[in-house]
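Chemist: What follows is a structure written as structure tokens; I'll ask about it next.
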Amino acid sequence: MNKGKVIVTGGAGYIGSHTVVELVESGYTPIIIDDFSNSEPEVIRRLEEITGQKITFYNAKVQEESLLPDLIQTAGAIKAIIHFAAYKAVGESVEKPLEYYENNIDSTIAVLRQIQKNQDVKLVFSSSCTVYGQPDNLPVTEDTTRKSAASPYGNTKQICEDIIKDAVSASASMKALSLRYFNPIGAHESAKIGELPIGIPANLVPFVAQTAAGIRDFVTVFGNDYSTPDGTCIRDYIHVVDLAKAHVKAIQYLDDSNEESIYDVFNIGVGKGHSVLEVLQGFEKVNGVSLNYRIGDRRPGDVEMIYADCNKANEVMGWRPRFSLKDALKSAWDWQQHLMEKEHG
Ligand code: WQD
């Protein structure tokens, strides 16, 4: 039974593509809007292979004038919009703040204007734990005070959350949720989709996978003089498929709610922290590989330790993570090996 259509902006991206798979498997029909600025058209084909279904997609920016209004009018039965499309490289956002503010905020406002006009369409917004900065207390709950963002990227997430909240307050009936992701890692079990970093990976796990594959000579651990058990930073790493499933739960929760208007936020993590060295050691162990690594300087902007209290997502939406760190690190290596096979034929 078809549960309706869901527009997925940025649906060819890392988290978006995994969410498209979960939407299809839960009986929804996804419609992707993606400008492929941080993904590839090949991902659409992979999604069709995995789901066995034709995937409708538009190669466009979300904020393109008539795209969304026409799509909502013509497609019919749009249940929700999941808004992933955003520039997300923390370092790049420091160099190009105006591009980040313009793209990430304009696209969110374009989506909100459609939600405002079409009250039956719900919104699930892709936010980030980066809104917390370095929390004073751990684990972070949704009530933990947001700190001023350490980067323009993080600031766009805070600003967009506030815009959505204000838009819901001003509307008689609008339903929206912000999901605050912790650190998504890993890949779909098929190894047909996964993280596709452009150039040198900024994030830890893809860099580790490329080092294990011999593409990088060694991993630099950005600092081992933090006040943590082994001196390296601690994060809450969540399997990207668990994160994808949280979006389906979010839509179902909004669909089932009898409230006229809803705005709420949820932490989506596993509720446990792991250090950089634990990730390296876990990757080596589960995949039977050895990793060259060196201890380097701290990376500016890094928070020392953050991990989630994600009980609210379980209590309210009935979501909880099921995969372990080992599962995620194994899937990351399977995906990396698939990429190498693809490259070397
Ligand atoms: C994790 C840890 C690094 C690379 C970022 C964004 C966040 C979200 C997730 C979008 C840190 C260390 C990393 C390396 C290392 N993105 N590290 N060597 O910074 O926690 O979060 O990605 O929403 O907004 O900020 O993730 O994977 O970059 O780093 O030692 O080569 O690994 O210092 O402690 P981060 P990360």
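Chemist: When you scan segment 269-307, how many residues do you find that are hydrophobic (A, V, I, L, M, F, W, C) and either within 11 Å of the ligand (Cβ to nearest atom) or within 15 Å of Cys233 (Cβ to Cβ) (or both)?
Modeler: Of the residues in segment 269-307, 8 are hydrophobic (A, V, I, L, M, F, W, C) and either within 11 Å of the ligand (Cβ to nearest atom) or within 15 Å of Cys233 (Cβ to Cβ) (or both).
Chemist: Of the conditions (1) more than 16 Å from the ligand (Cβ to nearest atom); (2) assigned to a strand (DSSP E or B); (3) not β-branched (Val, Ile, Thr), His188 satisfies every one except a single condition; which number is it?
Modeler: His188 satisfies all of (1) more than 16 Å from the ligand (Cβ to nearest atom); (2) assigned to a strand (DSSP E or B); (3) not β-branched (Val, Ile, Thr) except (2).
Chemist: If you take just the strands (runs of 3 or more DSSP E) that sit entirely in segment 216-297, which of them hold at least 2 residues that are β-branched (Val, Ile, Thr)? Quick ask: steps written out before the conclusion?
Modeler: Working: elements: 219-222, 237-239, 262-268, 293-296.
Per the criteria, 219-222, 262-268.
Chemist: Mind checking which pairs have a first residue in segment 11-23 that is in contact (Cβ under 8 Å) with a residue 60 or more places away in the chain and a second that is surrounded by fewer than 24 Cβ atoms within 10 Å (Cβ to Cβ) and acidic (Asp, Glu), Cβ under 8 Å, 6 or more apart or different chains?
Modeler: Tyr14/Glu195
Chemist: For the subset of segment 137-171 comprising residues that are assigned to a helix (DSSP H, G or I) and basic (Lys, Arg), which member is farthest from the ligand (Cβ to nearest atom)? Before you say what the answer is, go through the steps one by one.
Modeler: In the first step, residues of segment 137-171 are kept if they are assigned to a helix (DSSP H, G or I); the result is 152-169.
Applying the additional criterion that residues be basic (Lys, Arg) yields 157, 165.
Working: Lys157: 7, Lys165: 19 Å.
Applying the filter and picking the extreme gives Lys165.
Chemist: So in segment 76-94, with the set limited to residues that are buried (at least 16 other Cβ atoms within 10 Å of the Cβ) and in a helix (DSSP H, G or I), which one is nearest to the chain's Cα centre (by Cα)? Quick ask: steps written out before the conclusion?
Modeler: At the first step, the residues of segment 76-94 found to be buried (at least 16 other Cβ atoms within 10 Å of the Cβ) are 78-90, 92-93.
Narrowing the set further to residues that are in a helix (DSSP H, G or I) leaves 90, 92-93.
On the way: Val90: 14, Glu92: 17, Ser93: 17 Å.
Ranking the candidates gives Val90 first.
Chemist: Oh, and also: So, in segment 42-75, how many residues would count as being modelled with pLDDT of 95 or more, farther than 13 Å from Ile193 by Cβ and surrounded by fewer than 14 Cβ atoms within 10 Å (Cβ to Cβ)?
Modeler: Residues that pass the stated criteria total 4.
Chemist: While we're on this one: Search segment 29-58 for residues that are closer than 16 Å to Ala187 by Cα and pair each with any residue that is in a helix (DSSP H, G or I) when their beta-carbon atoms are under 7 Å apart and the residues are at least 6 apart or on different chains.
Modeler: Val43/Ser17; Leu47/Ser17; Leu47/Val20; Leu47/Val21; Ile50/Val21; Thr51/Val21; Thr51/Val24
Chemist: I need every pair where a residue in segment 60-79 that is farther than 22 Å from Asn2 by Cα has its Cβ under 6 Å from the Cβ of a residue that is part of a helix (DSSP H, G or I), sequence separation at least 6 or different chains.
Modeler: Final answer for the pair search is Ala60/Leu67; Val62/Ser107; Val62/Ala110; Gln63/Asp106; Gln63/Ser107; Gln63/Ala110.
Chemist: Can you report the number of residues in segment 106-136 which are over 30 Å from Tyr307 (Cβ atoms), aliphatic (A, V, I, L, M) and part of a helix (DSSP H, G or I)?
Modeler: Number satisfying all stated conditions: 4.
Chemist: Against the condition at pLDDT 95 or above and either hydrophobic (A, V, I, L, M, F, W, C) or more than 14 Å from the ligand (Cβ to nearest atom) (or both), how does Ala176 come out, does it pass? It would help to see each step written out before you state the result.
Modeler: Values: at pLDDT 95 or above: yes; either hydrophobic (A, V, I, L, M, F, W, C) or more than 14 Å from the ligand (Cβ to nearest atom) (or both): yes.
Taking the combined requirement at face value, the residue satisfies it.
Chemist: Continuing with this model, one more query. For the structure I just gave you, tell me whether Tyr263 is closer than 28 Å to Ser324 by Cα, buried (at least 17 other Cβ atoms within 10 Å of the Cβ), of a type in the set (Phe, Trp, Tyr) and modelled with pLDDT of 95 or more.
Modeler: Working: closer than 28 Å to Ser324 by Cα: no; buried (at least 17 other Cβ atoms within 10 Å of the Cβ): yes; of a type in the set (Phe, Trp, Tyr): yes; modelled with pLDDT of 95 or more: yes.
No: the conditions fail for Tyr263.
Chemist: While we're here: Taking Val62, is it among the aliphatic types (A, V, I, L, M), under 18 Å from the mean Cα position of the chain (by Cα) and closer than 20 Å to Arg180 by Cβ? Break it down into steps so the answer makes sense when it comes.
Modeler: Numbers: among the aliphatic types (A, V, I, L, M): yes; under 18 Å from the mean Cα position of the chain (by Cα): yes; closer than 20 Å to Arg180 by Cβ: no.
No; evaluated as a whole, the condition is false for this residue.
Chemist: Now for a separate question. Step by step: first the residues of segment 118-136, then only those that are over 20 Å from Asn258 (Cα atoms) and surrounded by fewer than 18 Cβ atoms within 10 Å (Cβ to Cβ), then the one that is nearest to the ligand (Cβ to nearest atom). Which residue is that?
Modeler: For segment 118-136, the residue satisfying everything is Gln134.
The values are calculated or read from the model by the stated rules, or taken from the named source; none is laboratory data. If you're wondering where the values come from, they're calculated on a predicted model, not measured in any experiment. No Cβ is skipped: glycine too gets one built from the backbone with ideal geometry, and neighbour counts run over all protein chains shown.
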